[in-house]
1. Here is a list: Ala67, Ala76. Which entry is assigned to a helix (DSSP H, G or I), exposed (fewer than 10 other Cβ atoms within 10 Å of the Cβ), modelled with pLDDT under 90 and not charged (D, E, K, R)?
2. Take region 9-40 and flag every residue that is among the charged types (D, E, K, R) and at pLDDT below 90.
3. Six or more apart or on different chains, Cβ atoms under 7 Å: show the pairs whose first residue is in region 26-42 and closer than 17 Å to Val16 by Cα and whose second is of a type in the set (Val, Ile, Thr) and at pLDDT below 90.
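The values are calculated or read from the model by the stated rules, or taken from the named source; none is laboratory data. For clarity, every value in this text was computed on a predicted model and none was experimentally measured. All Cβ positions, even for glycine, are placed from backbone atoms using ideal geometry, and neighbour counts span all protein chains on display.
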Amino acid sequence: MGSFSIWHWLIVLLIVVMVFGTKKLRNMGSDLGGAVKGFKDGMKDGSATDAAGATPPAQVTANAAAADKPTIDVEARQKS
């Protein structure tokens, strides 16, 4: 009683084909296949860029930052 027999699935398939038609089902299948292929390619490209960009960026030291531009000393005042 919990599972469907092959005849139940065939009747469901027949109703789906009658409602949507074979051309619409074929287009839906090819669209779904293209989406899955695009997703797999995207995952493959994403893992390749993650592995290539795994090196952390170089840290900027205080001496290098001070050499680039002068430091402006500003006194903070509290608003009254």
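1. On the way: Ala76 fails: assigned to a helix (DSSP H, G or I).
Result of the check over Ala67, Ala76: Ala67.
2. Taking region 9-40 as the starting set, the residues that turn out to be among the charged types (D, E, K, R) are 23-24, 26, 31, 37, 40.
Scanning region 9-40 gives Lys23, Lys24, Arg26.
3. Listed by first residue and then by second, the contacts come to nothing, as the list is empty.
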